[in-house]
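A short write-up of the structure that comes next.
The values are calculated or read from the model by the stated rules, or taken from the named source; none is laboratory data. These numbers come from a predicted model, not from an experiment. Ideal geometry is used to build each Cβ from the backbone, glycine not excepted, and the neighbour counts take in all protein chains shown. The area values use the complete protein model at the heavy-atom level, side chains included, leaving out ligands, DNA and RNA. Shrake-Rupley method; radii C 1.70, N 1.55, O 1.52, S 1.80 Å.
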Amino acid sequence: MANRKSVIIKIRRQQTPEAEPHWEEFSLPWKPGMNVISSLMEIAENPVTRDSKQTTPITYDSNCLEEVCGSCAMLINGKARMACSALIDKLDQPVLLEPLSKFPIIRDLSVDRRVLFENLKRVKAWVPIDGTYDLGSGPRMTMHQQEAAYPLSRCISCCCCMEVCPQFNEHTNFVGAAAISQVRLFNTHPTGAALKRERLTALMGDGGIHECGYAQNCVEICPKDIPLTRSIAEVGGAVMKQAIGDLFRR
Amino acid sequence: MNAEFETHEHDVLIIGAGGAGLRAAIEALAQGASVGVVCKSLLGKAHTVMAEGGIAAAMGNVDSADNWRTHFRDTMQGGKFLNNWRMAQIHAQESSERVVELEQWGALFDRTEDGRILQRAFGGHTYKRLCHVGDRTGLEMIRTLQDRGVQMGFDVYMECTITRLLKDGDRIAGAFGYWRENGRFVVFKAKSVVLATGGIGKAWPITSNSWEYTGDGMALAYEVGAELMDMEFVQFHPTGMVWPPGVQGLLVTEAVRGEGGILRNRTGERFMERYDPKRMELSTRDVVARAIFTEVREGRGTEHGGAFLDISHKPAEYVKRKLPSMYHQFLELADVDITKSPMEVGPTCHYMMGGVRVEAETGASTIRGLFAAGEAAAGLHGANRLGGNSLSDLLVFGKRAGLAAAQHAKGQTTTPIDAAQIDQAEREMLAPFEHQTGESPHAVHGDLQQIMQSLVGIYRNEEDLKSALQSIGQLRDRIQNLTIGGSRMFNPGWHLCGDLTSMLTVSEAVTRSAIARRESRGAHSRLDYANLDAQSGKQNNIIVRRGSEMILRQEPIPAMPADLQAILDEGKGAGA
């Protein structure tokens, strides 16, 4: 159990994307049930460091505070996780807070994760129906199919899986586990399956599924326990099958 | 003064990227409009993701007797007939189509045995009607709309707060705001603006709403002269967490009581014996809420102003099996093991039925070119909202507002921007840095929350409300003299200065409307007027700005057409 009197938090700060990072240390009075986000809120109300220097509030992202929106991912004691469910009492002190390392820093703990949207576009994670025809009563989908797809639809776009992936870096252009898992989700969807072929083709190209190095870090870190390695294996198999088929079709 | 600001131009500007905003954006894009979406948080993270229960739509997949007429009647009954009946009709008629469409776009729903969308029962709905994905339907909706939106190609302005709408004569011309991250100002020129900014929960200390819910859209609309309606109707859920602070407001599902949870006050007394000895904890929401409220008010509340809800007398395995998500959530977020220790709960501010007054068909406000949809708009839910009717509201009226906004934009020339309005908006935002001495916005916000909690909460009376109105007036003076340290670089204190202006506007509107409604109806409960009043049930409270004064007037609800009236009458006979 942590020290019940005060909580020491060390935060890696960076004023601009180009600036040199530095560390600041804060001491907060202990409160029951405090988590990393409530601590950052408290610092914002009175931004004074442990050695009594006036500083500025920490920049970070957060929204729902119940681990469903995926905003507040950061490195906490070196581990990528959601800050709203990181209870101070369960963390070693000083608590070290750092921004995710694989994404461009905006400031302090806030990073630019728009690459996920770009990657979802690359793999065509959508159903291009224009809605100008009668929709009828909708497609049938068995309970079994739905239950198989359900875990994949839990993704909260936090990008933790990309953060911990050794292959997700500036050299590979790898789309990452989240996007691949969304391909699996859309390809099993009754209307989504229409674009199956194009999605698999997208994953054959630059930064595609072949970049995966099977480190399996993604499935370990996912806060929603999405079976990401299974998705990669299944989609990988489908890509392979399609590639071989294409070969013979030539 | 008037420096050149970063400026963006769109046919349609949408403020808010929750379900309503994204659905509106998709529709406006489909019309060929250039669309900008501004949101305070990140794309895909809006408050809609927290919705659990489902989307109400009379598809009849489980109960084949269901149809739009019954859904219409249920919605009107839930709203105590104060609803805009045309909105309730459109909503009931179109929600099924919107759900099917969402599924076609890639959303996953739980299934029936024969492979159709499964629907579950929910309070106030006659039939099993809520289409759902486990208990995270909101996330599914947002993910699907976000994926579609980014592929169709709207411009998203994330982490940006709008502080003023801009006008050209009597029509809307755009919006002024700042980037939360660096504090720089930004101007949006737009022919149409859609407000999809959600609710106002942050004016209360205990709320299930996220930090974004500061009433921005309603206040923005009010400032440019649009009318607000039904502002007295604020929905409180009887059991939200009041402690520890990290989970304050978090909903505690009714299932905890359903599975045998016991409510106790500070002295350990099982107080429901005094309020409803027969049903005890399984009494209705309003009675439970009133009981907790009364215990706290009479000094028997817990240290943090709630009651204890205890299920630890049940075997741990039973609790884990019956309440898996509650067990998991409390362990993870609050380090409370509900199989061992009690929860501390109280009424939590959950949903705003009132908002911008809109035309049923289009979501058009009373200002030309300004539209509103979702929780920011009023009308559909009347005096109280049924569970599940919110997500369907977002889809049905988000689409309609997006369509109408795009069509309106087609007939408009590019709007000139009035430098004087921008100067004023800039001055307002910079004022807190110029005051050498003054008050912290956090102190004022804390005081506002206490006033709203104790005087404009779940049960109200004239004396409290009048005292609240006076106090809000004093807070309005105090916010003239806010001071803030630091710079415009990501500065939550400075952001709060702007949010306070919005919260005070909506708080005053809620209070004035609550005073004017001398009856208890739906979510508005007056201890001094405990019953329904027939005359009050025939009118809406309308709020509008005149100069710096907030004016309230009462307007009769238009007569319902005979065919709709007949649907309501049918229900009386059937006892539905």
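A few comments on the model shown:
- Count of segment B:133-156 residues which are buried (at least 21 other Cβ atoms within 10 Å of the Cβ) and in a strand (DSSP E or B): 1
- Test: B:V336 is surrounded by 15 or more Cβ atoms within 10 Å (Cβ to Cβ) and out of contact with any helix residue (DSSP H, G or I) (no Cβ under 6 Å at 6 or more places or on another chain): no
- Some residue of segment A:106-117 being more than 12 Å from every other protein chain (Cβ to nearest Cβ), more than 14 Å from the chain's Cα centre (by Cα) and in contact (Cβ under 8 Å) with a residue 12 or more places away in the chain: no
Residue-by-condition table, conditions (1) aromatic (F, W, Y); (2) in the same structural domain as A:S71 (by TED's automatic domain parsing); (3) part of a loop (DSSP other than H, G, I, E, B); (4) open to solvent by 30 Å² or more (accessible area, probe 1.4 Å):
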{"site": "A:L152", "(1), (2), (3), (4)": "no, no, no, no"}
{"site": "A:P166", "(1), (2), (3), (4)": "no, no, yes, yes"}
{"site": "A:E170", "(1), (2), (3), (4)": "no, no, yes, yes"}
{"site": "A:A194", "(1), (2), (3), (4)": "no, no, no, yes"}
{"site": "A:R199", "(1), (2), (3), (4)": "no, no, no, no"}
{"site": "A:A215", "(1), (2), (3), (4)": "no, no, yes, yes"}
{"site": "A:K241", "(1), (2), (3), (4)": "no, no, no, yes"}
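- Residue match in segment B:223-241 (condition: charged (D, E, K, R), within 14 Å of chain A (Cβ to nearest Cβ) and touching a residue at least 12 places away in the same chain (Cβ under 8 Å)): no
- For A:Y214: the one exception among (1) in contact (Cβ under 8 Å) with a residue 60 or more places away in the chain; (2) at positive phi: (1)
- Of all residues making up segment A:118-150, the number that are open to solvent by less than 60 Å² (accessible area, probe 1.4 Å), within 18 Å of the chain's Cα centre (by Cα) and either at positive phi or more than 8 Å from every other protein chain (Cβ to nearest Cβ) (or both): 2
- Exactly one residue among B:I542, B:I567, B:I515 is in a strand (DSSP E or B) and among the β-branched types (V, I, T), and that residue is B:I542.
- Residue match in segment A:68-88 (condition: in contact (Cβ under 8 Å) with a residue 60 or more places away in the chain, over 30 Å from B:M326 (Cβ atoms) and surrounded by 15 or more Cβ atoms within 10 Å (Cβ to Cβ)): no
- Residue in segment B:392-401 that is closer than 30 Å to B:R98 by Cβ, open to solvent by 30 Å² or more (accessible area, probe 1.4 Å) and not hydroxyl-bearing (S, T, Y) present: yes
Residue by residue, here is whether (1) in contact with a strand residue (DSSP E or B) (Cβ under 7 Å, 6 or more places away or on another chain); (2) assigned by TED's automatic domain parsing to the domain that holds B:T362; (3) over 12 Å from B:I422 (Cα atoms) holds:
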site	(1), (2), (3)
B:M152	no, yes, yes
B:R164	yes, yes, no
B:G169	no, yes, yes
B:A173	yes, yes, no
B:G177	yes, yes, no
B:R180	yes, yes, yes
B:G183	no, yes, yes
B:V186	yes, yes, no
B:A190	yes, yes, yes
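- Note on segment B:419-445: residues that are among the charged types (D, E, K, R), open to solvent by 50 Å² or more (accessible area, probe 1.4 Å) and not in a strand (DSSP E or B) total 3.
- Listed conditions (1) assigned to a loop (DSSP other than H, G, I, E, B); (2) surrounded by 22 or more Cβ atoms within 10 Å (Cβ to Cβ); (3) under 15 Å from the mean Cα position of the chain (by Cα) are all met by B:W211, apart from (2).
- Selection count, segment A:54-64, where residues are facing chain B (nearest Cβ under 7 Å) and in contact with a Gly (Cβ under 9 Å, 6 or more places away or on another chain): 4
For every residue, the table says whether it meets (1) buried (at least 20 other Cβ atoms within 10 Å of the Cβ); (2) more than 28 Å from B:N83 (Cβ to Cβ); (3) outside the structural domain of B:G446 (by TED's automatic domain parsing).
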{"position": "B:D464", "(1), (2), (3)": "yes, no, no"}
{"position": "B:S502", "(1), (2), (3)": "yes, no, no"}
{"position": "B:A516", "(1), (2), (3)": "no, no, no"}
{"position": "B:S548", "(1), (2), (3)": "no, yes, yes"}
{"position": "B:A562", "(1), (2), (3)": "no, no, yes"}
{"position": "B:G571", "(1), (2), (3)": "no, no, yes"}
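- Residue check for B:G36: open to solvent by less than 40 Å² (accessible area, probe 1.4 Å), closer than 29 Å to B:R148 by Cβ, away from chain A (no Cβ under 14 Å) and in contact (Cβ under 8 Å) with a residue 40 or more places away in the chain: yes
- Residue within segment B:117-132 that is over 19 Å from B:V49 (Cβ atoms), within 8 Å of chain A (Cβ to nearest Cβ) and in contact with a Phe, Trp or Tyr (Cβ under 6 Å, 6 or more places away or on another chain) present: yes
- Candidates in segment B:341-364 are the residues that are of a type in the set (G, A, S) and in contact with a Leu (Cβ under 8 Å, 6 or more places away or on another chain); of these, the one that is surrounded by the fewest Cβ atoms within 10 Å (Cβ to Cβ) is B:A364.
- Residue match in segment A:176-184 (condition: under 21 Å from the mean Cα position of the chain (by Cα), modelled with pLDDT of 95 or more and open to solvent by 50 Å² or more (accessible area, probe 1.4 Å)): no
- Scanning segment A:65-94 for residues that are assigned to a loop (DSSP other than H, G, I, E, B), more than 12 Å from chain B (Cβ to nearest Cβ) and closer than 20 Å to A:S6 by Cα returns A:N77, A:D92, A:Q93, A:P94.
- Residues considered: B:L102, B:L43. Of these, the only one that is open to solvent by less than 10 Å² (accessible area, probe 1.4 Å), under 30 Å from B:F188 (Cβ atoms), in contact (Cβ under 8 Å) with a residue 12 or more places away in the chain and assigned to a helix (DSSP H, G or I) is B:L102.
- A residue that is touching a residue at least 40 places away in the same chain (Cβ under 8 Å), more than 23 Å from the chain's Cα centre (by Cα), assigned to a loop (DSSP other than H, G, I, E, B) and facing chain A (nearest Cβ under 10 Å) occurs nowhere in segment B:159-172.
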